[in-house]
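Participant: First, the structure itself, so that you have it in front of you.
The values are calculated or read from the model by the stated rules, or taken from the named source; none is laboratory data. What you are looking at is a predicted structure, and each value in this text was computed from that prediction instead of being measured. Cβ sites come from the backbone with ideal geometry, for glycine too, and all protein chains shown count toward neighbours. The area values use the complete protein model at the heavy-atom level, side chains included, leaving out ligands, DNA and RNA. Shrake-Rupley method; radii C 1.70, N 1.55, O 1.52, S 1.80 Å.
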Amino acid sequence: MTSYDDEEPTVYPDGSVGGEVERGGDELSGQYGPSRFSQALVWCAGPTYVRTAPVGTWTLLQSVGVAGLFSTMIVALSATIIAGLADMGPVWASIVSVVVAALYFSYRRLVVATVASTVFARSRRTGSHLVSVAVMASVSVLTAGTGSWVFGMAIFGQEVRSQVAVNVAMHQQDDLNEWYRSREANRDVASRMYAEQLAQPEQMRDSLQDAVSGLEIHEVEARRIALCERTTPDCSSGTGNVSVVPRAESASKELSDVIAERTSAQRRLAEYTVFPVPAPFDAVQLATCGYPKQTTELTPYDSDRCQGMLLVESSVDQLTLEHPPTRSSNGLLPHLEAFGSLLWNSENAGPVWLVVVGLFLVLVSVDLLPLLFLVQSGRRG
């Protein structure tokens, strides 16, 4: 049976002694303990266990505290790099870095406290340990993954910047192509809206051309009849006599009228399609219609065609969004996309993956292994 004389007092990291034992009526109190630096490291490991951690867990808790400080530093550097890529400026980048690091440090201490509670409670339930490990492992994996990705972007900064320029150019061209496709689709809609105005010049030209053609045919027939009345007894006019004055004069007059009408119709056709007049458009409008900007004269036919095209283009401008803006190569998203391109679509993806995976393994090991040892010691406890 163990006597009081054989019992050892429990010494806590702050130097206090628990389980006070009376020896000969004198109360034992602890006169020794870890240094303030050691206590600070234990405090970094969790918010409530400086006074309650058993002596056997000091070293493990100190290692957990060091890992927490290391992880917090990684998070702070990652936040600084991300803020810099987002063009926040040095002041805001510093503020963001401090706030993110403080939040992470507090959250990590809370998680470690939850894990350590199962250790100090000497829980034998495997589920409790598994849940504790899973919670901390998720935090460590997330931290290590973010850190390895951000530090990888910093290490391969030149390659990332080059890939950003390539990606921006590709996206800009895609935006332009989509914009052009949208304009063409809207042009089809506008062309149907102004189909009458677009068809009017061709209809006018065809009408004038048909008039000329009909009068030319009429002129041929009138000329034949006039010649017949003057030379042939059996003319189709039915007189049976050559050079009957009234019939000959009538045929000649009809021929003269047809010739005059045909000449007038040809003149109208030429005035509409051949003879130019001052162009009623400016240089931009002329270029829109496909004419040189220095053009000063157009035929009425070309002017009517241009007027219809301008109506369509005006409608297209109203239906289509403005010209796509120039994409920026600054900011966080272009750099993340570029680094992803280096990892997945680059010929030199091997070295990039090697660095990222190596960083991830180092970071997650430094952050998680001390806590795993602490949990394992609790299960053995």
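Participant: Under 5 Å between amide H atoms, partner at least 5 residues away or on a different chain: which partners does Ala279 have, H built in plane at 1.01 Å?
Facilitator: The list, which skips near neighbours in sequence, is Glu297, Leu298.
Participant: A follow-up question, please. Kindly identify the range 245-372 as rounded, prolate or oblate by the Cα gyration tensor criterion: order the square roots of the eigenvalues as a ≥ b ≥ c, call it rounded if a/c is under 1.5, otherwise compare a/b with b/c, prolate if a/b is larger, else oblate.
Facilitator: Numbers: a/c = 6.58, a/b = 5.15, b/c = 1.28.
Because a/c hits 1.5 or more and a/b exceeds b/c, the range 245-372 counts as prolate.
Participant: Could you sort 292-304, 79-91, 314-326 so that the peptide with the highest average Cβ count within 10 Å comes first and the rest follow in order?
Facilitator: Working: 292-304: 15.1, 79-91: 16.6, 314-326: 12.5.
Ranking the peptides 292-304, 79-91, 314-326 by packing returns 79-91, 292-304, 314-326.
Participant: While we're on this one: Distance in nm between label sites at Glu249 and Val98, each 7 Å beyond Cα in the beta-carbon direction?
Facilitator: My value for the distance between the label points is 11.8 nm.
Participant: Which ³J(HN,Hα) values, rounded to whole Hz and listed in residue order, are derived for the range 309-324 from phi using the Karplus coefficients 6.51, -1.76 and 1.60 in 6.51 cos²θ - 1.76 cosθ + 1.60 with θ = phi - 60°, glycine and proline given as x?
Facilitator: For the range 309-324, the Karplus curve yields 5, 5, 4, 5, 5, 4, 5, 4, 4, 6, 7, 9, 5, 4, 3, x Hz.
Participant: Using the per-residue mean of other Cβ atoms lying within 10 Å as a proxy for protection, in what order, highest first, do the peptides 344-355, 151-162, 62-73 fall? List each step's numbers first, then the result.
Facilitator: Details: 344-355: 12.3, 151-162: 16.9, 62-73: 20.0.
Highest to lowest by the protection proxy: 62-73, 151-162, 344-355.
Participant: Tell me, what ³J(HN,Hα) does each residue in the range 149-163 have, in order and in whole Hz, if you take phi through Karplus 6.51 cos²θ - 1.76 cosθ + 1.60 with θ = phi - 60° and put x for Gly and Pro?
Facilitator: Per residue, the Karplus-derived 3J(HN,Hα) values read 5, 5, 5, x, 4, 5, 5, 9, x, 5, 5, 5, 4, 5, 5 Hz.
Participant: Whenever you get a sec, line up Ser138, Ser97 from highest to lowest accessible area (probe 1.4 Å, protein heavy atoms). Don't skip to the answer; put the middle values down first.
Facilitator: On the way: Ser138 65, Ser97 15 Å².
From most accessible down to least: Ser138, Ser97.
Participant: Please list 3J(HN,Hα) in residue order for the range 208-223, calculated via the Karplus relation 6.51 cos²θ - 1.76 cosθ + 1.60 where θ = phi - 60°; whole Hz, with x for glycine and proline.
Facilitator: 5, 5, 5, 4, 5, 4, x, 5, 5, 5, 4, 5, 4, 5, 5, 5
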